[in-house]
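Asks: First, the structure itself, so that you have it in front of you.
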Amino acid sequence: MIDSFELGSEFFEGLMAIDVTIVEQASQQPCPHCGGPLYRGDYPRKPRGGQIATSAEGWMRRFSLCCGSEGCRRRATPPSVRFLGRRVYVGAVVIVAAAVSWMMATASAAVRATGVPSRTTRRWLRWWRDSFPSTRPLVELSARLIPPIDRRQLPASLLERLAGDRPAAVSKLLSWMAPISTRSWLPDSSFVRAEM
């Protein structure tokens, strides 16, 4: 099913456009801490893409906002479909490499297909199996998918169930996962899913 998978530059340009829209919408909101105005305060990132996402390695900035009120000045980083929290690899790689690793017969075959070390994909598979099932995005997504997804085979079981070709399924899953890509954004992140 997912044996060799490379996401093209158009896919990543689409994710960049979604993140631009998200940060523009988020900048119109008040500071979640004090209610003051928010201004752009992006910070540097050096993402990895493995063999799956070489186009994404050019993303050198994580969009972020800072409060403009004196005395607050706290960071409010809105959700992102490009980055999945503080992980070094871009979000699409976390999804695809874990799915490929799940489906490959050997760890070395998964490394050859993705370019991501097997130790890293094992750690991601543990996260998909142990931590991700209790997150709000998966609970909400599971409620929409009938029959239920097989949680033991995450993320592969999700990708199989989401409509569209493989890149479209990855993009939809990233949109659903965007609220867990940050801890500093307190308001409702449901506006991210308007892109789906």
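Asks: Quick one: which residue in GLU70, GLU13 is among the acidic types (Asp, Glu), loosely packed, with under 15 Cβ neighbours inside 10 Å and either touching an Asp or Glu at 6+ places or on another chain (Cβ under 6 Å) or assigned to a loop (DSSP other than H, G, I, E, B) (or both)?
Replies: Working: GLU13 fails: either touching an Asp or Glu at 6+ places or on another chain (Cβ under 6 Å) or assigned to a loop (DSSP other than H, G, I, E, B) (or both).
Answer to the selection: GLU70.
Asks: Counting only residues that are in contact with a Pro (Cβ under 9 Å, 6 or more places away or on another chain) and either among the small types (Gly, Ala, Ser) or touching a residue at least 40 places away in the same chain (Cβ under 8 Å) (or both), how many does the range 128-153 have?
Replies: Residues of the range 128-153 that are in contact with a Pro (Cβ under 9 Å, 6 or more places away or on another chain), as a first pass: 128, 132, 135-137, 139, 142, 151.
Now narrow it down to the ones that are either among the small types (Gly, Ala, Ser) or touching a residue at least 40 places away in the same chain (Cβ under 8 Å) (or both): 135-137, 142.
Residues meeting the conditions: 4.
Asks: Yes or no: ARG86 part of a loop (DSSP other than H, G, I, E, B), at pLDDT below 90 and within 30 Å of PRO37 (Cα to Cα)?
Replies: On the way: part of a loop (DSSP other than H, G, I, E, B): yes; at pLDDT below 90: yes; within 30 Å of PRO37 (Cα to Cα): yes.
Here the answer is yes, as ARG86 does meet what is asked.
Asks: Of the residues that make up the range 37-48, is at least one buried (at least 20 other Cβ atoms within 10 Å of the Cβ) and in contact (Cβ under 8 Å) with a residue 40 or more places away in the chain? Give the derivation first.
Replies: So in the range 37-48, the residues buried (at least 20 other Cβ atoms within 10 Å of the Cβ) come out as 38.
Now restrict to residues that are in contact (Cβ under 8 Å) with a residue 40 or more places away in the chain: none.
No.
Asks: Check SER80, SER55 and return the single one that is part of a loop (DSSP other than H, G, I, E, B) and polar (S, T, N, Q).
Replies: Numbers: SER55 fails: part of a loop (DSSP other than H, G, I, E, B).
Going through SER80, SER55 in turn, the sole match is SER80.
Asks: Determine which single condition ALA99 fails, assuming it passes every other condition in (1) surrounded by fewer than 23 Cβ atoms within 10 Å (Cβ to Cβ); (2) closer than 22 Å to GLU160 by Cα.
Replies: Exception for ALA99: condition (1).
Asks: Being assigned to a loop (DSSP other than H, G, I, E, B) and surrounded by 14 or more Cβ atoms within 10 Å (Cβ to Cβ) is the filter here, so list the residues in the range 106-156 that pass it. It would help to see each step written out before you state the result.
Replies: At the first step, the residues of the range 106-156 found to be assigned to a loop (DSSP other than H, G, I, E, B) are 106, 115-117, 135, 145-150, 154-155.
Answer for the range 106-156, where residues must be assigned to a loop (DSSP other than H, G, I, E, B) and surrounded by 14 or more Cβ atoms within 10 Å (Cβ to Cβ): GLY115, VAL116, PRO117, THR135, ILE149, LEU154, PRO155.
Asks: Could you identify the single residue in ALA26, ALA98, ALA76, ALA53 that is touching a residue at least 40 places away in the same chain (Cβ under 8 Å) and touching a His at 6+ places or on another chain (Cβ under 8 Å)?
Replies: Values: ALA26 fails: touching a His at 6+ places or on another chain (Cβ under 8 Å); ALA98 fails: touching a His at 6+ places or on another chain (Cβ under 8 Å); ALA53 fails: touching a His at 6+ places or on another chain (Cβ under 8 Å).
None of the others qualify; the one that does is ALA76.
Asks: Say we look at the range 168-196 and pick out the residues that are among the charged types (D, E, K, R) and surrounded by fewer than 20 Cβ atoms within 10 Å (Cβ to Cβ); which of these is modelled with the highest pLDDT? Step through it out loud before you land on a result.
Replies: Step one: list which residues in the range 168-196 are among the charged types (D, E, K, R), which gives 172, 183, 188, 193, 195.
The next check asks that each one be surrounded by fewer than 20 Cβ atoms within 10 Å (Cβ to Cβ); those that pass are 183, 188, 193, 195.
Working: ARG183: 83, ASP188: 57, ARG193: 56, GLU195: 42.
Only one residue fits best here, namely ARG183.
The values are calculated or read from the model by the stated rules, or taken from the named source; none is laboratory data. Note that the coordinates shown come from a computational prediction; the quantities given were computed from them, not determined experimentally. Glycine gets a Cβ as well: all are built from the backbone with ideal geometry, and neighbour counts include every protein chain shown.
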